[in-house]
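Notes follow once the structure below has been shown.
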Amino acid sequence: MMVEIKFSHRYNPDGTWQSICPECYRTVGESREEADLERAESIHVCLSLNGRMVRID
């Protein structure tokens, strides 16, 4: 199943970026460079989409 999720990015006081899934609210990645979050987002397995475990490809 292909589902597009728009992840939220948050900049932290320690200089890191976090990517947060808007469906399950889990932090899916953290990095010093915002561009590096894409890999973590591409392999995120969301547990909240209609109660099913769905891999976001």
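Numbers at a glance
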{"read-out": "Where a residue in the range 5-21 is touching a residue at least 40 places away in the same chain (Cβ under 8 Å) and its partner, wherever it lies, is surrounded by 11 or more Cβ atoms within 10 Å (Cβ to Cβ) and not in a strand (DSSP E or B), with Cβ under 6 Å and at least six apart", "value": "5/56"}
{"read-out": "Failed item in (1) modelled with pLDDT of 95 or more; (2) among the charged types (D, E, K, R); (3) surrounded by 13 or more Cβ atoms within 10 Å (Cβ to Cβ); (4) not in a strand (DSSP E or B), with residue 41 passing the rest", "value": "(1)"}
{"read-out": "All positions within the range 1-31 that are part of a loop (DSSP other than H, G, I, E, B) and β-branched (Val, Ile, Thr)", "value": "3, 5, 16"}
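The values are calculated or read from the model by the stated rules, or taken from the named source; none is laboratory data. Keep in mind it's a predicted model, so treat the numbers as computed, not measured. For neighbour counting, all protein chains shown are included, and Cβ atoms are generated from backbone atoms with ideal geometry for every residue, glycine included.
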